Amino acid sequence: MEGYPESVKFLHKNPEWNHTAPILSDIIYVKEEFRAAVENVLDPYLNYYVVNNLEEGCRLYNYWMQHKKGKLIFFLLNKFAEKRGVTSCS
């Protein structure tokens, strides 16, 4: 986990959270010759968690807020397919 922010390390080590949810940098693989270019473009997003849906995202968010660990951002996979409006956690 060297090189990852403290937030990612915290969730990865904590058994209460389903750490099978990957971060974006764990699911993107490109040939070595293109890696630097892709990383330069996606750098602001590489530590975002990727969750399946809003329910999973809200569980992650609520868990995160209980531990007051700072900033947390994630992608909702189902929203990419649906192309709908934004919904908020309650």
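The values are calculated or read from the model by the stated rules, or taken from the named source; none is laboratory data. These numbers come from a predicted model, not from an experiment. Please note that ligands, DNA and RNA were not included when accessible areas were found on the heavy atoms of the full protein model with its side chains. Shrake-Rupley method; radii C 1.70, N 1.55, O 1.52, S 1.80 Å.
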Problem set entry | Qualifying positions in region 45-82 - modelled with pLDDT under 80 and either open to solvent by 90 Å² or more (accessible area, probe 1.4 Å) or farther than 18 Å from Thr20 by Cα (or both) | His67, Lys68, Lys69, Gly70, Lys71, Phe80, Ala81, Glu82
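Please tell me if Gly85 is part of a loop (DSSP other than H, G, I, E, B), at positive phi and at pLDDT below 80. Break it down stepwise before answering.
On the way: part of a loop (DSSP other than H, G, I, E, B): yes; at positive phi: no; at pLDDT below 80: yes.
Here the answer is no, as Gly85 does not meet what is asked.
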